[in-house]
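Student: Structure provided below as structure tokens; questions to follow.
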2 protein chains.
Amino acid sequence: MSNDNKKISLAVVRRLPRYYRYLYDLLQSGVTRISSRELSEKMGVTASQIRQDLNCFGGFGQQGYGYNVQNLFNEISKILGTDHRFNVIIIGLGNMGHALANYENFKKRGFDIIGIFDIKPELIGTTVNNIKVMHMDELDEFVKNNRVDIGILSVPYGQTPAIADRLGRLGVKGLWNFSPMDLKLPYDIEIENVHLSDSLMVLGYKIDSKMKK
Amino acid sequence: MSNDNKKISLAVVRRLPRYYRYLYDLLQSGVTRISSRELSEKMGVTASQIRQDLNCFGGFGQQGYGYNVQNLFNEISKILGTDHRFNVIIIGLGNMGHALANYENFKKRGFDIIGIFDIKPELIGTTVNNIKVMHMDELDEFVKNNRVDIGILSVPYGQTPAIADRLGRLGVKGLWNFSPMDLKLPYDIEIENVHLSDSLMVLGYKIDSKMKK
DNA sequence: ACTAGTATGTGAAAATTATAACATACTGAA
DNA sequence: TTCAGTATGTTATAATTTTCACATACTAGT
């Protein structure tokens, strides 16, 4: 049963989408079976780690055979929630909000953007990628009338905490935060930060530290 | 001396930008000194971890006093390379490329976007955020004539590997990859992946797994 | 059916990472 | 100048994460 109450570590969870991607590619290539060793060579990790990771959720393989690609992909999809849809709204239709609204990959992975909110009058009533742009004043009403699972925060830095708090109070289940700050909210809400600049700085560090060697 | 040859773990490195942010905010607030305990409360980590992390790079604090905020910020900046500039080019002026070209935070953190490349004729010769848009045919020439430290890859999925390879061959030092794939290159180049969809899927997982409890 | 080969699931070991504990050294008030 | 308080740097311990190793069980060719 996949409903074991042993806690899955975040390290494992963060690797799951990577398995998802590789298995998807294998499926596309028509590969029907794969061993942990073969997959480990493709992914550049140890076979042992793959077996350990998968076993957190169940025994999906078979001794002497390996893993059925389609089956394993289905299982990983289920674990990641791709067997159902998430309703998502975007708050802030700036450059980043616009980019996210047009990113087709989200839909493929189970996330439907059902609304966009901003305050600029000239945007209200328009559509982006077939998604209606509404005024922030309509936010509360919209969230009350629609199941909104996730709010994407792509608003200016200064406005982020207040809007995050507002979404938390409205009962949205998760926030995907693009502002370079760590949100701390007094609500029962999951937060995933993107922190693009942080990632770029890490790249800068890697480059510099290699130079020094 | 900061040139110790003991290896700094990636776990520590990934926390550095976070320290950078908090120290920057403290500076803005006029705070001149802070102890690891105070900082730990703000950041939601243990004071011990902060002291351990900082000590990888040197003893920046003073017993009985704590850390001088300005000094510590300067040191972290130096470690992260903000004491010099990185030259960056964007490959692919789609929605994401456009958003990144307009993101002002990068400049603040030491990254200058010095060129944008695409293949769409109507874009070539225009400027975005005062950055010239050039044709991909001009890429090799440009990289040879300018120091390019980092290439941002915001091109369609299928084109990513070939362009990454091209930048690797041209001697670019780092790639910041926005395509949902892991790049593996036979060159001496640092790669930092963003993998937005992966991050969103992790958020989805967190939401689901909380529901089940 | 038999058997050599293969590959999982898992318990144990190793490595890494985080936390705790504390000796040392500075601060700042009297 | 003294001394109680504070907070670092660092060593030791704990926790977590990764890797190893192997018994078990299936595959597939003869």
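Student: Measuring nothing but label to label, 7 Å from Cα along Cα→Cβ, what are B:K210's distances to the other copies in nm, shortest first?
Tutor: 3.8
Student: Now for a separate question. If we hang a label 7 Å off Cα along the beta carbon direction at B:K184, how far is it from the matching labels on the other copies, in nm, shortest first?
Tutor: 4.2
Student: If you place +1 on the Cβ of every Lys and Arg, -1 on the Cβ of every Asp and Glu, and leave all else neutral, what size is the dipole of chain A about its Cα centre, to the nearest 20 Debye? Intermediate values should be presented prior to the final figure.
Tutor: Numbers: 27 positive and 23 negative charges, 181 e Å.
In total the dipole reaches around 860 debye.
Student: Still on this structure, I have one more. Counting helices only, and only those DSSP H runs with n ≥ 4, report the 222 nm mean residue ellipticity of the protein assembly as shown as the sum of -39,500 (n - 2.57) divided by its residues, in deg cm²/dmol to the nearest 500. Numbers along the way, then the final one.
Tutor: Working: 18 runs with 183 residues, N = 426.
When only DSSP H runs of four or more count, the value is -12500 deg cm²/dmol.
Student: What does the charge count near A:A11 come to, summing +1 for each Lys or Arg and -1 for each Asp or Glu among other residues with Cβ under 13 Å from its Cβ?
Tutor: Values: positive: A:K7, A:R14, A:R15, A:R18, B:R14; negative: A:D53.
Charge balance near A:A11 sits at +4.
Student: Using +1 at the C-beta of Lys and Arg and -1 at the C-beta of Asp and Glu, which of A:V13, A:G110, A:V45 has the Cα lying farthest in the positive direction of the dipole of chain A?
Tutor: Of A:V13, A:G110, A:V45, it is A:V45.
Student: Among DSSP beta bridges lying fully in the stretch A:86-198, give the percent that are antiparallel, nearest 5.
Tutor: Numbers: 2 of 23 bridges.
Just about 10 percent of them are antiparallel.
Student: Which lysines have a Cα less than 24 Å from the Cα of A:K7, not counting those fewer than 8 places away in the same chain?
Tutor: A:K78, A:K173, A:K184, B:K206, B:K210, B:K212, B:K213
Student: Once you list every other residue whose beta carbon is under 14 Å from the beta carbon of A:G115, what net charge do they have if Lys and Arg are +1 and Asp and Glu are -1? Walk me through the numbers on the way to the answer.
Tutor: On the way: positive: A:K132, A:K144, A:R147; negative: A:D112, A:D118, A:D137, A:E138, A:D140, A:E141, A:D149.
In short, -4.
Student: Related question: Compute, for the protein assembly as shown, the length of the dipole vector about the Cα centre, with Cβ point charges of +1 (Lys, Arg) and -1 (Asp, Glu) only. Units Debye, rounded to 20.
Tutor: 1200
Student: About the Cα centre of the stretch B:5-79, how large is the charge dipole given +1 on each Lys and Arg Cβ and -1 on each Asp and Glu Cβ? Please answer in debye to the nearest 20. Provide the component values of the computation, followed by the final result.
Tutor: On the way: 11 positive and 5 negative charges, 55 e Å.
Magnitude of the dipole: close to 260 debye.
Student: Quick one: in chain B, whose Cβ comes closest to the B/A rotation axis, and how close in angstrom?
Tutor: Reported as residue, whole Å: B:A99, 2.
Student: Taking GluC sites (Glu not before Pro) that fall in a DSSP loop and have at most 11 other Cβ atoms within 10 Å as cut points, what is the longest piece of chain A between them?
Tutor: Values: sites that count: A:E104, A:E122.
In short, A:1-103.
Student: Next up: Starting from the Cα of B:S35, step 7 Å toward the Cβ, then list every residue of the stretch B:62-97 with an amide N under 17 Å from that point.
Tutor: B:62-69
Student: Another question, if that's okay. Near A:N146, within a Cβ-to-Cβ distance under 14 Å, what is the net charge of the other residues, with Lys and Arg +1 and Asp and Glu -1? Each step should come with its number before you reach the end.
Tutor: Values: positive: A:R85, A:K132, A:K144, A:R147, A:K173; negative: A:D112, A:E138, A:D140, A:E141, A:D149.
Overall, the nearby charge balance is 0.
Student: Follow-up. Express the relative contact order of chain A as a whole percentage, based on alpha carbon pairs under 8 Å and six or more residues apart in sequence.
Tutor: Numbers: 270 pairs, mean separation 27.9, N = 213.
Relative CO of chain A lands at 13 percent.
Student: Using alpha carbon centroids, what distance separates the stretch B:118-172 and the stretch A:157-213, in Å?
Tutor: Spelled out, the Cα-based centre of one part sits 28 Å from the other.
Student: Defining the label point at 7 Å along Cα→Cβ, can you sort the distances from A:K107 to the same site in each other copy, shortest first, in nm?
Tutor: Reported distances to equivalent positions: 3.5 nm.
Student: Let me ask something additional. Compute the relative contact order of the stretch A:124-213 as a whole-number percentage, counting only Cα pairs closer than 8 Å that sit 6 or more residues apart in sequence. Don't skip to the end; give the middle numbers.
Tutor: Working: 95 pairs, mean separation 18.5, N = 90.
Once normalised by length, the contact order is 21 percent.
Student: Could I ask something else about it? For helix B:160-169, report the angle its Cα long axis makes with the longest principal axis of the Cα atoms of chain B; keep it between 0 and 90° and round to the nearest 10°.
Tutor: 80
None of the figures in this text is laboratory data; all of them are computed from the coordinates on show. All values reported here derive from a predicted model rather than from experimental measurement. Neighbour counts are summed over all protein chains in view; Cβ atoms, including those assigned to glycine, are modelled from backbone coordinates with ideal geometry.
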